[in-house]
Amino acid sequence: MTISIDRQKDNHQRLQPNGWLRYFSFSLDHKVIGIQYMVCGFLFYLIGGTLASAIRIELASPMSDFLPRDVYNQFLTLHGTIMIFLWIVPVVNGAFGNYLIPFYVGARDMAFPRLNAVAFWLIPPSGLMLIASYFVEGAAQSGWTAYPPLSITTPQSGQIIWIISVLLLGGSSIFGGINFIATIIKLRRPGLKLMQLPMYCWAMLGTSLLVVLSTPVLAGTLILLSFDIVAHTGFFNPVLGGNVVVYQHLFWFYSHPAVYIMVLPAFGLVSEILPVHSRKPLFGYTTMVYSIMGIVVLGLVVWAHHMFTSGTPPWMRLFFTIATSFIAVPTGIKFFNWVATLWGGKISINSAMLFSCGFIINFVFGGITGVALAQVPFDIHVHDTYFVVAHFHYIVYGGTVFIIFSSIYHWFPKVTGKMLGEKLGIIHFAITFIGFNLCFAPQHWLGLNGMPRRVAEYDPQFQFVNQISSIGALLMAISTIPFLVNIFLSVRNGKDSGDNPWNALTPEWLTSSPPPVENWEGDAPLVVEPYGYGDSFSQKNKKI
Amino acid sequence: MLNKNIYLILIISCVFGISFWIGFNVNLLPAEASINAPIYDELFKILFVIGLIIFIGMTLAVIYSLFKFKRRKDEIGDGIALEGNLSLEIIWTLIPSIIVLIIGIYSYNIYDRMGGMKELNHSHEMMSSNNEKIWAGISQSSNNDIANNNLSVEVSAMQFAFLFNYPKGEFISGELHVPVNNKVSMRMESKDVIHAFWVPEFRIKQDIIPGQPTILNFTPTKIGKYPIICAELCGPYHGGMRASIIVEDESDYKDWFNKNKKTEVDL
Amino acid sequence: MTTLDSSKEIQKSTPEVSKNHEDFRMFGLVTFLIADGMTFAGFFAAYLTYKAVNPLPEGAIYELELPIPTLNTILLLVSSATFHKAGKALLKDKNSDSQKWLILTAFLGIIFLICQLFEYFHLPFGLTDNLFASTFYALTGFHGLHVTLGTLMILIISWQTRLNTGRITSKNMFPLEAVELYWHFVDGIWVILFIILYLL
Ligand code: HEM
Ligand SMILES: [Cu+2]
Ligand SMILES: [Cu+2]
């Protein structure tokens, strides 16, 4: 049985308003949806960033003086939830995935365009609802982890709205995941083999597997939690005979894979960017693929490393220590491969390249603290302290957010046909890199020396270091200004980029920039060597 | 060629040297005040050194490539068409695996020395009084662990305070007083939400989970006053949920105990 | 000559790309069912953990009567078979036969739900009585929700298999096949649930 792509074509023409209006419509075009994800995610990033600034202002002094205490906890919860579920996950998966995957597999759209649009349109309402809960009776205030019994005993309306919106966002994420898997496996252009796909496809395949396998567990858990809150059942309420630790297991069964949902796509994106700007093939394609799959498998069996102090039995602690440590191996392989990709290249030092290299350096640091945290005896001391805060910001901000910016510099010409300014880009990178390290490096010391996380007040001896950290945060806030100015200037009157400013070989560049509605005027090209850079390659290609 | 190798070896030994120097000379940790602390710090130093070597090495490699392989102006063409190198890739799979394995075994050893693998000591009166299930925090055995002379304290955590009950003297205190070099055995219970008992100078932390009475042992080794910090988000005043632990010598402790006790007992 | 030009040449010279793909909707559905299955897996894991580590208060009832759930198991298994028959009939273009089988399947589903409700009303415990009761209702309720949805969908497709004007024909089997797969999935979950909840 076959269905025709022509049917999709009709849909497009029927359903698409023209011009900018289409970005506010239920468009089925994967490129429009990708941009919708990106812009929407970025707006939420600005909101989340504002909350972070408020948090850092509060922490500039040891007393709780800037925000009321419960508001502080609400900001903390909103910040975490927004950054994870409304910025990182939708952008590295939804935005780049939707824009790039159909190009990479040689398709004209995603496998299920309608499902795709539904997945996107779940996001703005749930995000707005989440933020609106602050203005009703106060937002949730039990952190993004929503550990019971605290989440059961804090004011209920905020917590319930939090649960509903995370459920909707999880649903959106699952729909997206199904779509990506189907697109990559089933929608490949005839003649294109799996092992010829650009690395980002593999990353998205792995990520989507994690999404499909783990997000439903979070959904189930949150449903049980909402029963505890609304119907007074006792799943996680010890007063009614429930078990708090079961929640933690179920939660982390999702939320550890979730950290890979946030970072695997970034691994994929950087694998696209580095070869283009260093004019070299991606080093070790096959090992990269295996290490992604290795991370997927291992990522599912390490969750209890978040619970080393929760009274888990010794055998469990040992198992999860070993399993977690071993994740460093496939992760390490990828980093060595990237450095080897740079090695011997002809590297253009531009904003995209700088952000990617910043990513490598930051992520290596975060990975090292990660392996340390995986050791039970080490973790016992620093769990739930600023050391952990520093660790995951090195990973999530220093890693993923750096790659998001790198990707924006790389693919902006593709999407708009205009170049972004290099000068402003490099200024943006410099301020971000310095600000980021200034903000988060000192936090390792804070955690080791006795500052717990999620506090509005702290021991005055930590004030100086906290102020350094706050200055770093200020720099990070400032760093968005050159970025926004850059975007604004380029959109207004940027230099025309031509179709393929980087002379890249991956399929999305082998069409006009911006691409036509159905991606290619004629047939999709068959790209069997997406990384066929290198001088001797031209020789090889000529011989065929 | 020979020249190149010499440079490489020189750089690698520099990286190692610097890492070892920093690892053993830069102290990022607070004072060591329990028998757990030196064991912890030993692990920390090793991990710190290994981490530094990898981090400095990788950073140098990235920065070096950026300078060395930078595209010069009006240079065209591509880099070398190197798609991979199996033996290299095997090397950088195997070496990290071995390092990780060694770290794992070593940290198991540390864990064991901290008492993580020890079965709970059920002979203690306080714990065996009823058949209730008890959880165990990581807790160390000690050489000067005088049998049956353990000091036992009942800790209850609530929003937003710790209370310390001394069952032998039948009194409750807001400060934890303990004699130095004695093993202290605490039974911790939460009245409402999850809290955590953390003393940075002792390098111990244990969540106090409602419905799960938990035993935590430690042996302080240094006289002084240290903070007890709640490390698990427990509500608006979580940041203010702190108490103090006062480690004092035996006689000071006895004085304090006798001053507070409600029943006539001899220590 | 840059790499780009040369690679463009070979890439352009490939044979005409077919515009048609095989039907991947079934593939999407299977992926979705795996996800759905993981939700149940989470519930089962929670239930089994509770059973292992959380003792129930004294006097709590956790032995369940078996007749109704056994009947329910049989109902669902039979309904899987009748659904299968419906598919077979449609394949042979016997639309009205297919419709009959579908309605029979839906009927079995409805009886299942009635039995389930009957059991609910006659159980000696309520939702919030104890941990076992809560997990029992959560699991069976979540499954019952799936059965309800399935029954509704079966009714819809049975309407759509009507002769001449119906949308589902032997040439457009997908909706029927999709609901059939979903229904088998719901059955499978019930069997696991029956074993774990009632028999263990
Ligand atoms: C080399 C790989 C990694 C290892 C071995 C590792 C290990 C750990 C461990 C053991 C913890 C628990 C610390 C504690 O709470 O006491 C942790 C926390 C965390 N990690 Fe990682 N990690 C790694 C990579 C990542 C990645 C890739 C991400 C995200 C993209 C990430 C994000 C987080 C987050 C968000 C937390 C804190 C969760 C919370 O308590 O709110 N980590 N990591
Ligand atoms: Cu984790
Ligand atoms: Cu607290």
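So C:LEU108 clears everything in (1) part of a loop (DSSP other than H, G, I, E, B); (2) at pLDDT 90 or above except one condition, right? Which one? With (1) part of a loop (DSSP other than H, G, I, E, B); (2) at pLDDT 90 or above applied to C:LEU108, the lone miss is (1).
A count restricted to the range B:62-116 and to residues that are in contact (Cβ under 8 Å) with a residue 12 or more places away in the chain, among the aliphatic types (A, V, I, L, M) and at the interface with another protein chain (Cβ under 7 Å from one of its Cβ atoms) stands at 3. Taken together, the residues in the range A:479-502 that are within 14 Å of chain C (Cβ to nearest Cβ) and open to solvent by less than 60 Å² (accessible area, probe 1.4 Å) amount to 4.
Residues in the range C:86-99 that are surrounded by 17 or more Cβ atoms within 10 Å (Cβ to Cβ) and either at pLDDT 90 or above or aliphatic (A, V, I, L, M) (or both): C:ALA86, C:ALA89, C:LEU90.
Scanning the range A:412-433 for residues that are open to solvent by less than 10 Å² (accessible area, probe 1.4 Å) and either part of a helix (DSSP H, G or I) or within 16 Å of ligand 3 (Cβ to nearest atom) (or both) yields A:PRO413, A:LYS414, A:GLY425, A:HIS428, A:THR432.
Residue by residue, here is whether (1) touching a residue at least 60 places away in the same chain (Cβ under 8 Å); (2) of a type in the set (A, V, I, L, M, F, W, C); (3) in contact with a helix residue (DSSP H, G or I) (Cβ under 7 Å, 6 or more places away or on another chain) holds:
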{"residue": "C:GLN116", "(1), (2), (3)": "no, no, yes"}
{"residue": "C:TYR120", "(1), (2), (3)": "no, no, no"}
{"residue": "C:GLY126", "(1), (2), (3)": "no, no, yes"}
{"residue": "C:LEU139", "(1), (2), (3)": "yes, yes, yes"}
{"residue": "C:PHE142", "(1), (2), (3)": "yes, yes, yes"}
{"residue": "C:ILE154", "(1), (2), (3)": "yes, yes, yes"}
{"residue": "C:LYS171", "(1), (2), (3)": "no, no, no"}
{"residue": "C:HIS184", "(1), (2), (3)": "yes, no, yes"}
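The set of residues in the range A:182-203 being open to solvent by 10 Å² or more (accessible area, probe 1.4 Å) and either part of a helix (DSSP H, G or I) or at pLDDT 95 or above (or both) consists of A:ILE185, A:LYS186, A:LEU194, A:MET195, A:GLN196, A:TRP202. Within the set A:GLY241, A:GLY171, the sole residue that is within 21 Å of A:GLY41 (Cα to Cα) and surrounded by fewer than 22 Cβ atoms within 10 Å (Cβ to Cβ) turns out to be A:GLY171. Within the option set B:PHE257, B:PHE162, being more than 16 Å from ligand 2 (Cβ to nearest atom) and either in contact with a Leu (Cβ under 7 Å, 6 or more places away or on another chain) or assigned by TED's automatic domain parsing to the domain that holds B:PHE44 (or both) holds for one residue only, B:PHE257.
Scanning the range B:214-267 for residues that are within 16 Å of ligand 3 (Cβ to nearest atom), open to solvent by 40 Å² or more (accessible area, probe 1.4 Å) and under 20 Å from the mean Cα position of the chain (by Cα) turns up just one, B:ARG242. Scanning the range B:175-199 for residues that are more than 14 Å from chain A (Cβ to nearest Cβ) and either within 16 Å of ligand 3 (Cβ to nearest atom) or of a type in the set (Ser, Thr, Tyr) (or both) yields a single hit, B:SER185.
Evaluate the range A:240-250: report whether one residue or more is away from chain B (no Cβ under 14 Å) and over 22 Å from A:PHE402 (Cβ atoms).
Yes, the range A:240-250 contains at least one residue that is away from chain B (no Cβ under 14 Å) and over 22 Å from A:PHE402 (Cβ atoms).
Listed here are the residues, each with its yes/no results for (1) modelled with pLDDT under 90; (2) within 26 Å of A:SER325 (Cβ to Cβ).
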{"site": "B:CYS14", "(1), (2)": "no, no"}
{"site": "B:ILE22", "(1), (2)": "no, yes"}
{"site": "B:ASP41", "(1), (2)": "no, yes"}
{"site": "B:PHE55", "(1), (2)": "no, yes"}
{"site": "B:VAL62", "(1), (2)": "no, yes"}
{"site": "B:LEU86", "(1), (2)": "yes, yes"}
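Checking every residue in the range A:440-451 against the condition of being open to solvent by 40 Å² or more (accessible area, probe 1.4 Å), under 30 Å from A:THR506 (Cα atoms) and in a helix (DSSP H, G or I) gives zero matches. Screening C:LEU176, C:LEU193 for residues that are farther than 30 Å from A:LEU224 by Cβ and open to solvent by less than 40 Å² (accessible area, probe 1.4 Å) leaves exactly one candidate, C:LEU176. Only one of the numbered conditions (1) away from ligand 3 (no atom under 13 Å from the Cβ); (2) surrounded by fewer than 22 Cβ atoms within 10 Å (Cβ to Cβ); (3) within 14 Å of chain A (Cβ to nearest Cβ) is violated by B:PHE202, and that is (2). Take the residues of the range B:16-46 that are away from chain A (no Cβ under 12 Å) and among the aromatic types (Phe, Trp, Tyr): which is most open to solvent (accessible area, probe 1.4 Å)? Out of the qualifying residues, it is B:TRP21. Restricting A:SER165, A:SER126, A:SER151 to those that are more than 14 Å from chain C (Cβ to nearest Cβ), outside any loop (DSSP other than H, G, I, E, B) and more than 28 Å from C:THR31 (Cα to Cα) reduces the list to A:SER151. Residues in the range A:320-339 that are within 7 Å of another protein chain (Cβ to nearest Cβ) and either more than 10 Å from ligand 1 (Cβ to nearest atom) or under 15 Å from A:LEU264 (Cα atoms) (or both): A:ILE322, A:ALA328, A:VAL329, A:GLY332, A:ILE333, A:PHE335, A:PHE336, A:VAL339. I'd like the residue in the range A:283-309 that is facing chain B (nearest Cβ under 8 Å) and buried (at least 24 other Cβ atoms within 10 Å of the Cβ) and, out of all such residues, is nearest to A:ASN350 (Cα to Cα). Per the criteria, the residue is A:PHE283.
The values are calculated or read from the model by the stated rules, or taken from the named source; none is laboratory data. All values derive from a computational prediction rather than experimental measurement. As a convention, Cβ positions derive from the backbone with ideal geometry for all residues, glycine included, and neighbour counts pool all protein chains shown. Note: areas computed on protein heavy atoms with side chains; ligands, DNA, RNA excluded. Shrake-Rupley method; radii C 1.70, N 1.55, O 1.52, S 1.80 Å.
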